[in-house]
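Peer 1: The structure that follows is given in the form of structure tokens.
The values are calculated or read from the model by the stated rules, or taken from the named source; none is laboratory data. Just so it is clear, the model here is predicted, and its values are computed rather than measured. Please note: Cβ atoms are built from the backbone with ideal geometry, for glycine as well, and neighbour counts cover all protein chains shown. Each accessible area value is taken on the protein alone, full model and side chains, heavy atoms only, with ligands, DNA and RNA left out. Shrake-Rupley method; radii C 1.70, N 1.55, O 1.52, S 1.80 Å.
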Amino acid sequence: MAQVTIRQINKVYDGGVHAVKDVNLEIPDREFVVLVGPSGCGKTTTLRMVAGLETITSGDILIGDTVVNDLAPMDRDIAMVFQNYALYPHKSVFDNMAFGLKMRKFEKSEIDKRVKDAAAILGIESLLGRRPRQLSGGQRQRVALGRAIVRHPQVFLFDEPLSNLDAKLRVHMRVELRKLHERLGTTAIYVTHDQVEAMTLGDRVVVMKDGLVQQVGDPMTLYNTPANLFVASFIGSPAMNFAKVTVSDSGGLWAVAPGIKLRLPPALAARAAPLNGKPATLGVRPEDLRVANGADPAEYCMDCEIEVVERLGSEILLDTRVGSESVVASVEPTVNVRAHEKVRLAVNPERMHLFDAETEMAV
């Protein structure tokens, strides 16, 4: 097992495309870290540099105490699971899992033990004699994981390994991956564009955009205190609601826009004081909105018209129009409302977010 240290790494391709920009990251031994972001943000390039599949333009990568910049992938003591499982179609499951060990001249008895141990962990003992074409997508995924496990590597690298699975199987395999990590206790770096995967799998999550790290933190820190507008918009499902407002001093600081006039709670108002009279972006998560009752203070309520009612069983999503803004509210399934009905939405004031319109940083 080993920690991974990424120091000021950059990747510039021919033609001047700067794909990864000054990334710094300390990944302690046994931690499961997820790199997440939209396509083209640099997350897979960063992973491939750790694996040795991409050269590093500048900076250093250490696995344990060893700088691995110039080491070949096979000498880095890592194992990688790809989006494409890359199984040999003409070989059995056993031979696919054993192939890397055979190439490294392991004893036959040791290969047999490692493959069977990994198969037991993954619950695929009965599949060892089959060929990949005889397996389901989930079974192929387990074989690819098994091929990595038998190596007993210092670090596991995962490049969107669940993206080819259907939605139900993805949920199941997320749970299995988390159990597997708890059991093996190996350092892991996982790349995905799916923020739900990132939130459910990662001990810490690294949010990237345009080659830059936007924020690093545990899932709930990213969710509750996003560093900027991008992180706030990317983390959370349904996504956070945003409205362009002006911060106005009218017996306290208020966020004001057509159809919106909300008092900023004391702690947020203190931080927002420099924005008085300036534009900003107000952020409220759908679950922090509810249909108002007579006891809710008017300064934390908004009038809206419901456009669509989405009944999901455990919750109802109300797609509404507040002034010129589209606002989604997640409410209790017992709420009885209809499309085109006009209601008041109450905001949880302690869960309001405000972002500087110029820098997009959280206030």
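Peer 1: What base-10 log of the normalised intensity I(q)/I(0) is obtained for region 179-263 from the Debye formula, alpha carbons as equal point scatterers, at q = 0.11, 0.13, 0.20, 0.23 Å⁻¹?
Peer 2: -0.44, -0.56, -0.95, -1.10
Peer 1: Moving on to the next point. Relative to the longest principal axis of the chain, what angle (0 to 90°, nearest 10) does the C-alpha long axis of helix 108-122 take?
Peer 2: With rounding to tens, the tilt is 20 degrees.
Peer 1: May I have the extent of the alpha carbons of region 115-187 along their three principal axes, as whole Å values ordered from largest to smallest?
Peer 2: For region 115-187, the Cα extents along the three principal axes come out at 31, 28, 18 Å.
Peer 1: Taking the chain as a Gaussian network, Cα atoms linked when under 10 Å apart, which of Thr46, Thr186, Thr55 shows the biggest mean-square fluctuation?
Peer 2: Looking only at Thr46, Thr186, Thr55, the largest GNM fluctuation is found for Thr55.
Peer 1: Next up: Considering only Asn293, Asn69, Asn224, give the residue with the highest GNM mean-square fluctuation for the chain, with springs between Cα atoms whenever their separation is below 10 Å.
Peer 2: Taking springs between Cα atoms under 10 Å, the residue moving most is Asn293.
Peer 1: Given a 1.4 angstrom probe, what's the average accessible area per residue across the chain, in square angstrom? Kindly include the intermediate steps, with their values, before the conclusion.
Peer 2: Details: 16930 Å² over 363 residues.
Roughly 47 Å² per residue, with all protein chains present.
Peer 1: Would you kindly give the portion of the calculated P(r) for region 315-363 that falls above 13 Å, as a percent of all Cα pairs? Intermediate values should be presented prior to the final figure.
Peer 2: On the way: 810 of 1176 pairs.
In whole percent, the share of Cα-Cα pairs in region 315-363 beyond 13 Å is 69.
Peer 1: Considering just Cα atoms, how many Å³ per residue does the convex hull of region 102-155 enclose? Kindly include the intermediate steps, with their values, before the conclusion.
Peer 2: Values: hull volume 5.0 nm³, N = 54.
For region 102-155, the hull spanned by Cα atoms encloses 93 Å³ per residue.
Peer 1: Enter the Cα centre distance for the pair region 249-291 and region 80-101, rounded to the nearest angstrom.
Peer 2: Computed from Cα coordinates, the inter-centre distance equals 55 Å.
Peer 1: Per-residue HN-Hα couplings for region 205-214, Karplus 6.51 cos²θ - 1.76 cosθ + 1.60 at θ = phi - 60°, whole Hz, x for Gly and Pro?
Peer 2: 10, 10, 8, 10, 8, 6, x, 10, 6, 8
Peer 1: Could you work out which residue, out of His181, His340, His353, moves most in a Gaussian network model of the chain, that is, has the largest mean-square fluctuation with Cα springs under 10 Å?
Peer 2: Comparing His181, His340, His353 in a Gaussian network model of the chain, the most mobile one is His340.
Peer 1: Considering the options Leu135, Val284, Ala270, tell which one lies farthest towards the positive end of the dipole of the chain, charges being +1 on Lys and Arg and -1 on Asp and Glu at the Cβ, about the Cα centre.
Peer 2: Leu135
Peer 1: Suppose a student asked you for the relative contact order of the chain, using Cα pairs under 8 Å spaced at least 6 residues apart; what percent would you report?
Peer 2: Numbers: 744 pairs, mean separation 56.3, N = 363.
Result for the chain is 16 percent.
Peer 1: State log₁₀ I(q)/I(0) for region 32-112 at q = 0.19, 0.20, 0.22 Å⁻¹ as given by the Debye formula over alpha-carbon point scatterers of equal weight, solvent excluded.
Peer 2: Taking Cα atoms of region 32-112 as identical point scatterers yields -1.01, -1.06, -1.13.
Peer 1: Follow-up. So what does log10 I(q)/I(0) come out to for region 248-346 at q = 0.12, 0.13, 0.16, 0.24 Å⁻¹, using the Debye formula with one equal point on every Cα and no solvent?
Peer 2: -0.42, -0.49, -0.70, -1.27
Peer 1: Let me ask you something else. Please list, in chain and number order, the residues 5+ apart from Glu54 or on another chain whose amide H is under 5 Å from its amide H, with Hs placed from the backbone.
Peer 2: Close amide H contacts, sequence-distant or interchain: Met49.
Peer 1: Tell me, what does the Kirkwood hydrodynamic radius of region 37-84 come to in angstroms if you use every pair of distinct C-alpha atoms? Please report the intermediate quantities before stating the final value.
Peer 2: Working: mean 1/r = 0.0863 Å⁻¹.
Here the Kirkwood hydrodynamic radius works out to 11.6 Å.
Peer 1: Something else now. Per the 1.4 Å probe, what fraction of the accessible area of the chain, in percent, lies on carbon and sulfur atoms? Write down the numbers at each step before the final one.
Peer 2: On the way: 8530 of 16930 Å².
Here carbon and sulfur together make up 50 percent of the probe-accessible area.
Peer 1: Moving to a separate point now. Of Gln214, Ala255, Asn228, whose Cα points farthest to the positive end of the dipole of region 153-276 (charges on the beta-carbon: +1 Lys, Arg; -1 Asp, Glu; origin at the Cα centre)?
Peer 2: Ala255
Peer 1: Sticking with this one: If you count only protein heavy atoms and use a 1.4 Å probe, how large is the accessible surface of Lys209, to the nearest 10 Å²?
Peer 2: Surface accessible to solvent at Lys209 totals approximately 60 Å².
Peer 1: A further question on this structure: Quick one: what are the phi-derived ³J(HN,Hα) couplings along region 226-237, Karplus 6.51/-1.76/1.60 with θ = phi - 60°, whole Hz, x for glycine and proline?
Peer 2: Here the 3J(HN,Hα) series is x, 6, 8, 4, 5, 4, 4, 6, 7, 9, x, 9 Hz.
Peer 1: As an exercise, identify the trypsin sites (Lys or Arg not before Pro) in region 299-363 lying in DSSP coil whose Cβ has no more than 10 other Cβ atoms within 10 Å. Let's see the in-between values first.
Peer 2: Numbers: sites: Arg311, Arg321, Arg338, Lys342, Arg344, Arg351; in loops: Arg338.
Here the sparse-neighbourhood loop sites are Arg338.
Peer 1: Let me ask you something else. Roughly how tilted is helix 137-149, in degrees to the nearest 10 and between 0 and 90, from the longest Cα axis of the chain?
Peer 2: The answer is roughly 60 degrees.
Peer 1: Give the dimensionless ratio obtained when the Cα radius of gyration of the chain is divided by 2.2 N^0.38 Å.
Peer 2: Values: Rg = 24.7 Å, N = 363, 2.2 N^0.38 = 20.7 Å.
Relative to the rule-of-thumb radius for its length, the chain sits at 1.20.
Peer 1: How large is Rg/Rh for region 127-277, to two decimals, with Cα atoms and a Kirkwood Rh? Walk me through the numbers on the way to the answer.
Peer 2: Details: Rg = 21.8 Å, Rh = 18.8 Å.
We get a ratio of 1.16 for region 127-277.
Peer 1: Here are some pairs, Lys102/Lys179; Lys261/Lys342; Lys91/Lys113; Lys91/Lys168; Lys91/Lys116; Lys108/Lys179; which of them have Cα atoms lying more than 23 Å apart in this structure? Walk me through the intermediate numbers first.
Peer 2: Numbers: Lys102/Lys179 28 Å; Lys261/Lys342 17 Å; Lys91/Lys113 19 Å; Lys91/Lys168 28 Å; Lys91/Lys116 16 Å; Lys108/Lys179 29 Å.
From the list (Lys102/Lys179; Lys261/Lys342; Lys91/Lys113; Lys91/Lys168; Lys91/Lys116; Lys108/Lys179), the Cα-Cα distance tops 23 Å for Lys102/Lys179; Lys91/Lys168; Lys108/Lys179.
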